[in-house]
1. Let a ≥ b ≥ c be the square roots of the eigenvalues of the Cα gyration tensor of segment 330-382; is it rounded (a/c under 1.5), or, if not, prolate (a/b larger than b/c) or oblate?
2. Starting from the Cα gyration tensor of segment 1-95, multiply each eigenvalue by 5, take the square root, and state the resulting semi-axes largest first in whole Å.
3. How large is the accessible surface per residue of the chain, computed with a 1.4 Å probe and reported in Å² as a whole number?
4. Rounding to the nearest 10 and keeping the result within 0 to 90°, find how far the Cα-based axis of helix 23-34 lies from the longest principal axis of the chain.
5. Hey, how many Å between the Cα centroid of segment 312-387 and the Cα centroid of segment 214-251?
6. Output wanted: per-residue J couplings in Hz (rounded whole) for segment 236-242, from phi through Karplus 6.51 cos²θ - 1.76 cosθ + 1.60, θ = phi - 60°, x for Gly and Pro.
7. Is the C-alpha gyration tensor of segment 85-175 telling us rounded, prolate or oblate? Criteria: a/c under 1.5 is rounded; beyond that, a/b larger than b/c is prolate, otherwise oblate.
8. Which value, in Å² and to the nearest 10, is the accessible area of His382 when all protein chains are kept and the probe is 1.4 Å?
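The values are calculated or read from the model by the stated rules, or taken from the named source; none is laboratory data. The structure displayed is predicted, hence computed values, not measured ones. Quick note on the areas: whole protein, heavy atoms, side chains included, nothing else; ligands and nucleic acids left out. Shrake-Rupley method; radii C 1.70, N 1.55, O 1.52, S 1.80 Å.
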Amino acid sequence: MQISDLPDSKRFKRLLLAVSGGLDSMCLAHYFVHNQLALGIEWLGIAHVHHGLRGSTADRDADFVARFAFQSRRPFYIRYLNGAALKQKASIEENARLARYAALKEIAALPEVRADYILTAHHANDQAETVLMRILRGSSWKGLCGIQTVREDGVFRPLLPCTKADLKEYAEENHIEYVEDETNADESFARNAIRHRLLPILNAEISSLTNIAKLSTSLCQKIRHQSETAIRPFVLPPNLWPFPKESSPYETVIAIHQQALVNLSLKSPDGGAEIFRFWLQEKGFAFPRSIQFLSSFSSRDAELIFEKSKSILWFCQNKKKEEPATPAGFRKRKNGDFCIPAGRPPKKLGKWMEEEGIPAFVRDFIPLYAEENRIFQIGKIHLGDNR
């Protein structure tokens with residue numbers, strides 16, 4: 001059975017195997033248990049996530065994996081999820097996936113575990129399904145990268161070079177027992193429908209679909225490097241922001257001079273915008289394709305905050321649970337506030353903030369020192385005392 005090249009051997013010492021009890025994960029568990037010494041692995045643990053969605057068969061699967069861990073003399077960890085909560089939102093599949101990874105990461109971080117990597121049993125057929133699903137949904141080229149062999153958060157997929165047929169052959173040769181998840185036959189789930197209806201027709205094209213993922217991944221790596229080189233010099237550090245960083249009501253804020261986008265767009269307007277969008281996605285901002293970056297744009301939607309202030313593009317997310325504190329003797333903005341900049345006539349505070357490039361999302365949170373409606377200090381900016 002062919003597996004992916006192992007990550008850095010110096011860090012490939014403590015592994016947590018994600019085992020559901022099905023054919024794929026039992027092949028994964030068997031391979032690493034029986035090759036632990038040869039691979040130089042110092043510690044190997046078995047983890048199982050019970051989603052709380054299937055009743056007695058899910059209990060059966062958990063017991064099956066627990067017995068395997070006991071017979072293999074490997075430590076066993078299990079996490080139980082709230083099945084009812086997973087059904088409350090739109091996609092049970094996506095909810096279960098996110099909750100599963102969160103549970104695995106929780107186990108991996110335990111003091112007695114301290115796993116270098118979490119191993120999952122994704123294989124070539126899974127890769128083909130993923131790429132095909134994204135093609136049908138009109139995914140961007142980045143989405144065609146499919147399942148990554150090694151994720152930045154320490155998830156490793158060693159079986160990606162193997163097809164389902166390879167795993168079945170390996171299981172037969174090694175007399176590996178496994179259990180069947182009956183929900184895998186439920187075609188109301190999009191992935192199952194593709195698995196049972198389309199992939200059998202395209203069986204000969206699995207290698208082509210996985211090759212698309214490889215080529216897209218290679219392209220992404222090149223664009224990642226080029227976009228960072230092109231955009232990073234135009235990112236404003238917090239010490240150059242026109243307001244104190246601690247005044248922001250959002251945990252994550254990125255400020256970028258629009259010249260970064262202008263430079264990219266000089267070569268190709270559409271391509272430049274796509275590279276800029278890709279860079280934002282790499283930083284955790286899922287920016288919609290419908291937005292035209294070079295136009296004047298803004299959004300105060302709860303999920304997506306962005307705006308242009310003078311020549312700076314601001315992107316915010318993750319609203320703070322508590323509003324930024326206001327120091328003693330200071331207050332927040334209110335109607336009627338004005339200031340008198342040195343050597344200039346009085347001006348409404350909002351207009352002054354706009355002219356100074358202070359973005360709208362933070363204006364109501366900057367601490368002000370005032371006497372009645374006259375503002376003498378905005379954050380750390382002193383406007384002079386003409387009293």
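1. Working: a/c = 1.44, a/b = 1.12, b/c = 1.29.
Taking the square roots of the gyration eigenvalues as a ≥ b ≥ c, segment 330-382 is rounded.
2. Numbers: eigenvalues 157, 50, 27 Å².
Gyration-tensor ellipsoid for segment 1-95: 28, 16, 12 Å.
3. Working: 20880 Å² over 387 residues.
Counting only protein heavy atoms, the per-residue value for the chain is 54 Å².
4. On a 0 to 90 degree scale, this one is about 80.
5. Here the two parts' Cα centres lie 27 Å apart.
6. 7, x, x, 5, 9, 5, x
7. Details: a/c = 1.60, a/b = 1.03, b/c = 1.55.
Because a/c hits 1.5 or more and a/b fails to exceed b/c, segment 85-175 counts as oblate.
8. Roughly 130 Å² of His382 is accessible to a 1.4 Å probe.
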